[in-house]
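*Asks:* Once you've had a glance at the structure underneath, I'll fire off some questions.
Where a number appears in this text, it was derived from the coordinates with a stated rule and is not lab data. All values reported here derive from a predicted model rather than from experimental measurement. Here the Cβ positions follow ideal geometry from the backbone for every residue, glycine too, while neighbour counts run over all protein chains shown.
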Amino acid sequence: SAGSGDLPTEIWEKVKNHPCYSEEAHHHYARMHVAVAPACNIQCNYCNRKYDCANESRPGVVSEKLSPEQAAKKVLAVASTIPQMTVLGIAGPGDPLANPEKTFKTFELISRTAPDIKLCLSTNGLALPDHVDTIAGFNVDHVTITINMVDPEIGARIYPWVFWKHKRYTGVEAAKLLTDRQLQGLEMLTERGILCKVNSVMIPGVNDRHLIEVNKAVKSRGAFLHNIMPLISAAEHGTVFGLTGQRGPSAQELKALQDSCEGEMNMMRHCRQCRADAVGLLGEDRSAEFTTDKIMAME
Ligand code: SF4
Ligand code: SF4
């Protein structure tokens, strides 16, 4: 796990108060996600659009969608109730950068009304190169990019299509476009000094061995953490549509892969795949206290 021992000092200074990156901080600092981004610009085989984006938010839960104004109001309400609130993330339920107006309007409102709150964002990366300047302009603290492959042949088994510049791409062509855009976006962010974490979903028999290569590719482009998450194959939720019968990794398989990447760079092992409207300290979920009805009734 990430701790002061494994991270370079200048990065540790930036993340030590961040509940997701510091085992210590996650007992003292709270984070919240606001679900303002419903649309997505790609299709992952493991996604079920009825639920939150599986890239950062736990699949199989439905978050309450908010307008940017409702989200800003919610952030203020939470910050006044939970004094440890330090980080606001936008992680779905679709892709935040497939909904740039909503995402950036939310950041604008919050940076005006609650300038001390750190902003973060997670994305599949397809639209990332187009938005790097805006992200830097909002002083976004860190960005999470979900990168499941750097080989388009493998990508074609994970992504049935991507939608880019008014056109739908499929197969290897789609995966090539996605990996190029992801790696370009990662480089552009790290060049500007914005912290980047990479998430990867481990899909046994599809990208499990390949993630060692992904680990090298993202490390060489400046990612500061690599978070390998298990595919959650929950038949009762009807997830993993395109991958019928696809299983998730066992705990041992996940740990073995994380271990073989360790030494290459810092591995994150305590991400909780929080829901897109999670509120509170990392181990807790207080989202039920802050539903739209309750927020709108607060003055
Ligand atoms: Fe679903 Fe997220 Fe993939 Fe979009 S990026 S298809 S919301 S898992
Ligand atoms: Fe932190 Fe992971 Fe939860 Fe995001 S999903 S808030 S990185 S623990």
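*Asks:* Between beta-carbons, use under 9 Å as the cut-off and find the net charge around Val87, counting Lys and Arg +1, Asp and Glu -1. Intermediate values should be presented prior to the final figure.
*Replies:* Working: positive: Arg31, Lys118; negative: Asp141.
Surrounding charge for Val87 is +1.
*Asks:* Then there's this: List the relative contact order of the chain as a percent without decimals, with contacts defined as Cα pairs under 8 Å and 6+ residues apart.
*Replies:* Details: 622 pairs, mean separation 71.7, N = 299.
Answer for the chain is 24 percent.
*Asks:* Just name one of Ile295, Phe107, Ala156: the one whose Cα is farthest towards the positive end of the charge dipole of the chain (beta-carbon charges, Lys/Arg +1, Asp/Glu -1).
*Replies:* Most positive-ward Cα: Ala156.
*Asks:* While we're looking at this one, here's another question. What number comes out for the charge environment of Ala156, summing +1 per Lys or Arg and -1 per Asp or Glu over other residues with Cβ under 10 Å away? It would help to have the intermediate numbers written out before the result.
*Replies:* Numbers: positive: Arg157, Lys176; negative: Asp151, Glu153, Glu173.
Taking every other residue near Ala156 into account, the sum is -1.
*Asks:* Moving on. Count the DSSP beta bridges whose two residues both fall in the chain, then state the antiparallel fraction as a percent rounded to the nearest 5. Numbers along the way, then the final one.
*Replies:* Numbers: 8 of 34 bridges.
Antiparallel: roughly 25 percent of the beta bridges in the chain.
*Asks:* Still on this model: Among the lysines, which have Cα under 26 Å from the Cα of Lys14 when same-chain residues fewer than 8 positions away are ignored?
*Replies:* Lys74, Lys105, Lys118, Lys197, Lys216, Lys219
*Asks:* Turning to a different aspect of this structure: Translational diffusion coefficient, Stokes-Einstein: compute it for the chain using the Kirkwood radius over C-alpha pairs as Rh, at 4 °C and 1.567 mPa s, and state it as an integer in µm² s⁻¹. Spell out each step's value before the answer.
*Replies:* Details: Rh = 19.1 Å.
Rounded to a whole number, D works out at 68 µm²/s.
*Asks:* So if I place +1 on the C-beta of Lys and Arg and -1 on the C-beta of Asp and Glu, and nothing else carries charge, what would the dipole magnitude of the chain be about its Cα centre? I want it in debye, nearest 20.
*Replies:* Working: 32 positive and 35 negative charges, 113 e Å.
About 540 debye.
*Asks:* Now for a separate question. Which lysines have a Cα less than 22 Å from the Cα of Lys50, not counting those fewer than 8 places away in the same chain?
*Replies:* Within the straight-line cut-off, Lys50 pairs with Lys65, Lys102.
*Asks:* Write down the Å³ per residue value for the convex hull defined by the alpha carbon atoms of the range 23-141.
*Replies:* Hull volume normalised by residue count: 110 Å³.
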